[in-house]
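Student: Before I ask anything, here is the structure I am working with.
Nothing in this text is a laboratory measurement; each read-out follows from the coordinates by a stated rule. Nothing here was measured: the structure is a model prediction, and the numbers come from that model. Using ideal geometry, Cβ is built from the backbone for each residue, glycine included, and neighbour counts are taken over all protein chains shown.
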Amino acid sequence: MMSDFEAQLRAASLRVTRPRLAVLAALRDHPHIGTDAVIALVRADHPTVSHQAVYDVLRVLTDAGLVRRIQPAGATARYESRVADNHHHVVCRSCGVIADVDCAAGHAPCLTASVDHGFVIDEAEVVYWGICPDCAAERTSQRSASSEGSK
């Protein structure tokens, strides 16, 4: 039985290899991770896969449209396997965690620019910035602790 990953690779006219399957599995299980984390996850199961092989696989999968590379301002590049839609991201200013955010309304409303300057637009990137719930809770508890300590 052919796996979904094998089918995706074949549909993109790519050879099915262990490193490619391992990278796709890592991104499925850990969306929005950086290259170093992908390397660590792949090498945990396949220690003979080189760092360069993982870099090459990420480039090939990105070029084939099976993986999306995102790089919020001031952050390292991250990768995800959710590529079938035009979604956005929310990034925590404190810990850097990234989560997916669906478009606000309709089918890819962000792809209609008010002025396109003659470009054929095929993707829009919106990044929301804020503080994630865990970091917000930590800040609240730190403020509570410091206010109680000053009494």
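Student: Show that you can apply the helix-only estimate: for the chain, add -39,500 (n - 2.57) for every DSSP H stretch of four or more residues, divide by all residues, and state [θ] at 222 nm to the nearest 500.
Tutor: -12500 deg cm²/dmol
Student: For every other residue with a beta carbon closer than 12 angstrom to the beta carbon of Ala77, add +1 if it is Lys or Arg and -1 if Asp or Glu, then tell me the sum.
Tutor: +2
Student: Could you list the trypsin sites (Lys or Arg not before Pro) in the stretch 1-74 that lie in coil according to DSSP, counting only those with at most 16 other Cβ atoms within 10 Å of their Cβ?
Tutor: Passing sites in the stretch 1-74 are Arg15.
Student: How big is D for the chain, in µm² s⁻¹ as a whole number, if Stokes-Einstein is applied with the Kirkwood radius of its Cα pairs at 20 °C and 1.002 mPa s?
Tutor: Calculated translational D: 120 µm²/s.
Student: Using a Gaussian network model of the chain with C-alpha springs under 10 Å, which one of Leu14, Leu66, Leu58 is most mobile by mean-square fluctuation?
Tutor: Leu14
Student: Can I ask one more? If I model a spin label at Arg143 and His51 as a point 7 Å from the Cα along the Cα→Cβ vector, what separation in nanometres do I get?
Tutor: My value for the distance between the label points is 4.2 nm.
Student: Go ahead and set up a Gaussian network model of the chain, Cα springs under 10 Å, then flag whichever of Ala124, Ala11, Ala22 fluctuates most.
Tutor: Comparing Ala124, Ala11, Ala22 in the GNM, the peak value goes to Ala11.
Student: Something else: Using a Gaussian network model on the chain with a 10 Å cutoff between Cα atoms, which of Ala37, Ala104, Ala26 fluctuates the most?
Tutor: For the chain, modelled as a Gaussian network with Cα springs under 10 Å, the answer is Ala104.
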